[in-house]
């Protein structure tokens, strides 16, 4: 009977999302054993009791405040709970959502007018209008962790009519249209956030989206369809987003049917490959979104020894991206030599150095290494991101074989939240990171890594380059960033080429690979769909008819 009890407990664990953590005594489990075994014949398959869907992810969400949220997992949930002014379609075109039509821009490019929908209700029952949009944008400008996206561009925002928004700009901005698709600018209820104008509301959300927040915990976030939603209603009766710590747990959950859908962030490459194979066999369905995530390495340039540009260039030349891509991801992560995803890069330019052992050795020697001195390079990776460690191990083994006199890589793993907290403090000589722009435009990749408000020579004291952990800048770079955002077409392209060329010459970053998001669902569901921002559209998950 003890073995039967253990088996039944394991079955209950596999369906715990449905039984909502009910506690069963040894006696009650034992009394149920014969009945369950007679019906299941030792088959431990999940029992679905509702049409609510379970979506599994490794993303740990600590805040649902759009002024604070920045992780892929948090933004995915906000994308279901809130609406942007505009949405970027998969073809890159802008589609009005809370706006009624595309922005109207003045001749000098400094005033934007946006007519708004008049049939939108917040989750607390209050009406959405231009004043609530003003409240939300101003709040983001005041306290947003990524308010640099708007602070040097938006001069003021006001409601000139009940459903007409006016935005005055400090300078013309060619990327502003795409910026208005960022879910960080989703409106929140002025009534619900009245006491949170200057502080974050992390575990609640009151917006206008197709779902409203039912419950929030680190392990599970439950979304309920919003009955008064103005647009197309969700095609399911609710979503439970569950956090699973390991890639093995995620893989097991989707393979055994414990969850309906799985998103690919933080799942290791062996499991990703196996899931793709299951999809090819028809056991699962899968879809890939636009590749908008870049993986890169930040080098700290404000202290020795990486303040030496020769040493940074040597490291750039020593990384064999093609080898890393094959060893780590079986080629699923495409090698990248740019800070901008190719689909957004108006330059189509691979700027960063190609792998070249001869050039690497030459620059190591210029930096004072190889002859009698080996550079012991401390590389930090996020211990909860499987691909990070594999990248470090692959690079470590390769240089041990090919550059042993010049370079030895020493790996150090830390949990990602610790890495993010210490990054801007200059805690790491080098660290493996990733970035996904909050809107699909080159500006959303260059500014967060290169922008600097205060500097001394080539060292950034205040700005995104300091927060990113590189601390690298050059005097003309900030002006070029602002200038490029005022231009369009060929002129903008030329400025972007110049910016990337300067950044590659500075070698404060090492672009590594490009990552596309992917989702897998059970065969009874329709194929998942992504928007142009690379977000899984939860409200479109539904049973196949």
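The values are calculated or read from the model by the stated rules, or taken from the named source; none is laboratory data. For clarity, every value in this text was computed on a predicted model and none was experimentally measured. We place every Cβ from the backbone using ideal geometry, glycine too, and count neighbours over all the protein chains shown.
Yes or no, residue by residue, for (1) without any contact (Cβ under 8 Å) to a residue 40 or more places away in the chain; (2) touching a helix residue (DSSP H, G or I) at 6+ places or on another chain (Cβ under 8 Å):
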position	(1), (2)
91	no, no
101	yes, no
113	no, no
117	no, no
165	no, yes
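Among (1) on the phi < 0 side of the Ramachandran plot; (2) modelled with pLDDT under 95; (3) out of contact with any strand residue (DSSP E or B) (no Cβ under 7 Å at 6 or more places or on another chain); (4) surrounded by fewer than 21 Cβ atoms within 10 Å (Cβ to Cβ), where does residue 489 come up short?
The single condition residue 489 does not satisfy is (1).
Which residue is surrounded by the fewest Cβ atoms within 10 Å (Cβ to Cβ), if the candidates are limited to the range 197-224 and must be over 22 Å from the mean Cα position of the chain (by Cα) and without any contact (Cβ under 8 Å) to a residue 40 or more places away in the chain?
For the range 197-224, the residue satisfying everything is 215.
With the condition being over 21 Å from residue 439 (Cα atoms) and free of Cβ contacts under 8 Å to residues at least 40 places away in the same chain, I'd like the helices (runs of 4 or more DSSP H) fully within the range 451-545 carrying at least 2 qualifying residues.
Values: elements: 464-467, 477-484, 489-506.
Passing ranges, in order: 477-484, 489-506.
I'd like the full set of residues that are in a loop (DSSP other than H, G, I, E, B) and crowded, with 20+ Cβ neighbours inside 10 Å, limited to the range 230-256.
Selection gives 234, 236, 244.
How do the strands (runs of 3 or more DSSP E) wholly within the range 119-221 filter down when requiring 1 or more residues that are within 30 Å of residue 240 (Cβ to Cβ): which remain?
On the way: elements: 154-161, 164-169, 211-216.
It comes to 211-216.
Filter the range 421-443 down to the residues that are out of contact with any strand residue (DSSP E or B) (no Cβ under 9 Å at 6 or more places or on another chain) and not in a loop (DSSP other than H, G, I, E, B), then identify the one that is surrounded by the fewest Cβ atoms within 10 Å (Cβ to Cβ).
421
Looking at 265, 270, can you tell me which residue is part of a helix (DSSP H, G or I) and either at pLDDT below 95 or in contact with a helix residue (DSSP H, G or I) (Cβ under 6 Å, 6 or more places away or on another chain) (or both)? I'd like the intermediate steps shown before the answer.
Working: 265 fails: part of a helix (DSSP H, G or I).
Being part of a helix (DSSP H, G or I) and either at pLDDT below 95 or in contact with a helix residue (DSSP H, G or I) (Cβ under 6 Å, 6 or more places away or on another chain) (or both) holds for just one of 265, 270, which is 270.
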